[in-house]
Structure formats: C-alpha cells, structure tokens
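Here the structure comes first, spelled out in structure tokens, and everything after it is commentary.
What follows draws every value from the coordinates through simple rules; no lab data is involved. Owing to the predicted nature of the structure, the values given are computational and were not obtained by experimental measurement. Cβ coordinates were reconstructed from backbone atoms using ideal geometry, including for glycine residues, and neighbour counts include every protein chain displayed.
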Amino acid sequence: MNINLRQAVIANVSGNTQDQLKDTIVDAIQSGEEKMLPGLGVLFEIIWKNSDTKHQQEMLETLEQGLNQNE
C-alpha cells in the first residue's frame, strides 16, 4: 500500500479557515504525539515554499532563538 503522507495532510486541511488551521497546529503541538510531527512538517513546508526570502529569514531567526533557549 502506497500512502502519500504529504497529499493526505494537504487533503485533510484544504479548505480550512485560518482558525481551523490554527486549531490543528495548536492541537498537534499540545498533544505532544510523535505521530503529529510529519503533518506539522508538511504544513511548515507549505509555509516555507510560499514565503519570500525576508519571511524565510525571519523564520530562521525565530527558530535559532527558540533552539538556543532550549540549550
């Protein structure tokens, strides 16, 4: 059986409102379940691909700061 996780995640959230997308992200993070990580990765990929260089740099800075706080 060949399951395309990327397509499945996109199909599950396509057409969702911003509030629904936020709820999905918050729920995935709060649950702390490892199985949610690939879905968050797909959503991040979509954000990254649809962001300009300036916003990508801001995300990298935020990521770096967050990682440095967890040291």
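Going through the range 49-65 one residue at a time, which ones are under 14 Å from the mean Cα position of the chain (by Cα) and either surrounded by 12 or more Cβ atoms within 10 Å (Cβ to Cβ) or acidic (Asp, Glu) (or both)? Listed by number, the residues that qualify are 51, 56, 59. Tell me, yes or no, whether the range 26-40 has at least one residue that is of a type in the set (Asp, Glu), exposed (fewer than 13 other Cβ atoms within 10 Å of the Cβ) and part of a helix (DSSP H, G or I). Yes, the range 26-40 has at least one match. Within the range 26-36, the set of residues being within 12 Å of the chain's Cα centre (by Cα) and farther than 15 Å from residue 13 by Cα comprises 29 only. Within the range 9-25, being surrounded by 10 or more Cβ atoms within 10 Å (Cβ to Cβ) and within 14 Å of the chain's Cα centre (by Cα) holds for 9, 10, 12, 13, 20, 21, 22, 23, 24, 25.
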